[in-house]
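Note sheet for the following structure.
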Amino acid sequence: MFLSVFDLFKIGIGPSSSHTVGPMVAARRLLDEIATGDWPRPADAKVARITASLHGSLAFTGKGHASDRAIVLGLDGHLPDAIEPDAIAGVIERVTRQRRVSPAGHTPYRFNPAKDLTFDYDVMLPGHTNGMTFCGFDEAGRLLIKRIYYSIGGGFVADEQEITEDRAAGAQAGADVPHPFANAEQMLAMARKSGLSIAQMKRQNERTRTSADALGDGLAGIWGAMDRSIERGMSETGILPGGLSVKRRAAAIRAKMDEDWKSNRANPLLANDWLQLYAMAVNEENAAGGRVVTAPTNGAAGVIPAVMRYYLEFHPEADKEAVEEFLLTAAAIGGLIKHNASISGAEVGCQGEVGSAAAMAAAGLAAVMGGTPEQIENAAEIALEHHLGMTCDPVAGLVQVPCIERNGIGAIKAVSAASLAMKGDGTHIVPLDVCIETMRQTGHDMNARYKETSQGGLAANVPVNVVEC
């Protein structure tokens, strides 16, 4: 089984990988299909108007997660890793005013967001709870092209055929890499046989797809984007968009912690405080629609950067070379979770987002602290086990409450899990594979109200008066 580190860690914009990044990618993908002309249609027929509908979780929480804005941006030809966050408002205003999208290389298409983008709460598409339908019509109103895409978590997008093939592929996917482990048991067996670390095996797998220089540059770019999201999050102030009137707290918390540091005040919780600060800074930036890295999702984007920054600042032996080992190890664990369960909050709840991120971060930290493959697997299992059953219930459909603080607590859990695992020899009762399967089963059994629909949990019990903005 092979899933690239660059598939799990994608640079994009907030507030959601499945509800913002995925729909934008899907809309842009439709444009690419239209441009190829490789689809059945009457001779000389051309698409003049496009419509889109969002289904399932995308419908229920699409407004709060900016899915509607993402569709507009994607149909206008933009991609999450390229568009500047500060330019988004201008694009939305132009499309809304002109009632058309103007992607580069295409003749403009009629698209009125008020009428041509609908939230279908009644129809659940069969492939995944995050479904989208796009239609292209000619000037006479004839349907020329219809495409269904699914945003399956972490910014991944699949069409109807791909989502079926992915589920049928099983453990044989990616068998052409040197170490095609499809579960943790295979991963540990391959590590023992090869004498390699998890990161070394992951590196060799990646090298079948890319050069050593490109891999190094790519990993440095990922960490650079993560670190910048921490810094920006710790410097910005104000109210987060969406109407909940949530204040950005990271900058004020940092100022208080800097004051304590300068005054030499004793703080036995110093490391935990910085961990929470780093994670919350990232997720406030995400909630504001800023640039973050899916890790493995936007809703859980703060955990891995926080743990990495904590390691670099609090461990005397830390060096920047460890960044690659951390990210490669984390990606190996994330790949196992995505392959055997899910990283989508709409599919399995927040255990699949913050829980997966904590498992990945714990594994990465254990690796750079010199852990054996068995200790690394144990660290990931501990972190994931203690997120089992966590619901995804964002208040008002916004990635703010409880998501921002949840990342801070998830980062603390990750560090605690790595520390506990490093004090043992890697033997433990619950294998990581069993924990991942338990998460899958729990998510399957979980009521849909608790899976990113904002119909249950905190979302249903916290009284709010949201003003659209």
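The values are calculated or read from the model by the stated rules, or taken from the named source; none is laboratory data. Because the structure is a prediction, the values reported are computed rather than measured. Neighbour counts are summed over all protein chains in view; Cβ atoms, including those assigned to glycine, are modelled from backbone coordinates with ideal geometry.
With respect to Ala411, determine if the residue is over 30 Å from Gly243 (Cα atoms), assigned to a helix (DSSP H, G or I), of a type in the set (Gly, Ala, Ser) and modelled with pLDDT of 95 or more.
Working: over 30 Å from Gly243 (Cα atoms): no; assigned to a helix (DSSP H, G or I): yes; of a type in the set (Gly, Ala, Ser): yes; modelled with pLDDT of 95 or more: yes.
Judged against the criteria, Ala411 is not a match.
With the condition kept exactly as written, say whether any residue in the range 300-313 is surrounded by fewer than 19 Cβ atoms within 10 Å (Cβ to Cβ) and either touching a residue at least 12 places away in the same chain (Cβ under 8 Å) or outside the structural domain of Ser235 (by TED's automatic domain parsing) (or both).
Within the range 300-313, one or more residues are surrounded by fewer than 19 Cβ atoms within 10 Å (Cβ to Cβ) and either touching a residue at least 12 places away in the same chain (Cβ under 8 Å) or outside the structural domain of Ser235 (by TED's automatic domain parsing) (or both).
State all residues of the range 365-395 that are more than 27 Å from Asp445 (Cα to Cα), of a type in the set (Val, Ile, Thr) and not in a helix (DSSP H, G or I); if no residue qualifies, say none.
Thr372 - this is the single residue of the range 365-395 that is more than 27 Å from Asp445 (Cα to Cα), of a type in the set (Val, Ile, Thr) and not in a helix (DSSP H, G or I).
Is it the case that Phe156 is touching a Leu at 6+ places or on another chain (Cβ under 7 Å) and of a type in the set (Phe, Trp, Tyr)?
Taking the combined requirement at face value, the residue does not satisfy it.
Does Leu117 satisfy the condition of being at negative phi and surrounded by 23 or more Cβ atoms within 10 Å (Cβ to Cβ)?
no
Is it true that some residue in the range 301-316 is closer than 27 Å to Ala89 by Cα and out of contact with any Cys (no Cβ under 8 Å at 6 or more places or on another chain)?
yes
Mind listing whichever residues of the range 331-351 are among the aliphatic types (A, V, I, L, M) and within 14 Å of Ala301 (Cα to Cα)?
Ala331, Ile343
If Ile429 passes every condition in (1) outside any helix (DSSP H, G or I); (2) buried (at least 24 other Cβ atoms within 10 Å of the Cβ); (3) among the β-branched types (Val, Ile, Thr) but one, which one does it miss?
(2)
Looking at the range 108-160 only, could you name the residues that are acidic (Asp, Glu) and either within 20 Å of Lys338 (Cβ to Cβ) or not assigned by TED's automatic domain parsing to the domain that holds Gly74 (or both)?
Asp159, Glu160
Limited to the range 23-77, what total is found for residues that are touching a Phe, Trp or Tyr at 6+ places or on another chain (Cβ under 9 Å), among the polar types (S, T, N, Q) and over 29 Å from Asn283 (Cα atoms)?
Within the range 23-77, residues that are touching a Phe, Trp or Tyr at 6+ places or on another chain (Cβ under 9 Å), among the polar types (S, T, N, Q) and over 29 Å from Asn283 (Cα atoms) number 1.
Inspect the range 359-376 for any residue being crowded, with 24+ Cβ neighbours inside 10 Å and charged (D, E, K, R) and give the result as yes or no.
Looking for residues that are crowded, with 24+ Cβ neighbours inside 10 Å and charged (D, E, K, R), one finds none in the range 359-376, hence no.
Taking the residues in the range 432-469 that are crowded, with 21+ Cβ neighbours inside 10 Å and polar (S, T, N, Q) as candidates, determine which candidate is nearest to Leu244 (Cα to Cα).
Ser454
Hey, any hits in the range 434-443 for a residue that's assigned by TED's automatic domain parsing to the domain that holds Ala346 and in a loop (DSSP other than H, G, I, E, B)? Can you show your working first?
As a first pass, look at the range 434-443 and keep what is assigned by TED's automatic domain parsing to the domain that holds Ala346: 434-443.
Subset that is in a loop (DSSP other than H, G, I, E, B): none.
The answer is no, given that none of the residues of the range 434-443 is assigned by TED's automatic domain parsing to the domain that holds Ala346 and in a loop (DSSP other than H, G, I, E, B).
Say whether the condition of being exposed (fewer than 13 other Cβ atoms within 10 Å of the Cβ) and in a loop (DSSP other than H, G, I, E, B) is met by at least one residue in the range 221-234. If you could, list the steps in order and put the result at the bottom.
Within the range 221-234, the first condition is being exposed (fewer than 13 other Cβ atoms within 10 Å of the Cβ), and the residues that meet it are none.
No - not one qualifying residue is present in the range 221-234.
Looking at the range 73-86, which of its residues are under 11 Å from Gly289 (Cα atoms) and more than 18 Å from the chain's Cα centre (by Cα)?
Hits for the range 73-86 are Glu84, Asp86.
Test Gly170 against the stated conditions and say whether it is surrounded by 20 or more Cβ atoms within 10 Å (Cβ to Cβ) and at pLDDT below 95.
No, not satisfied.
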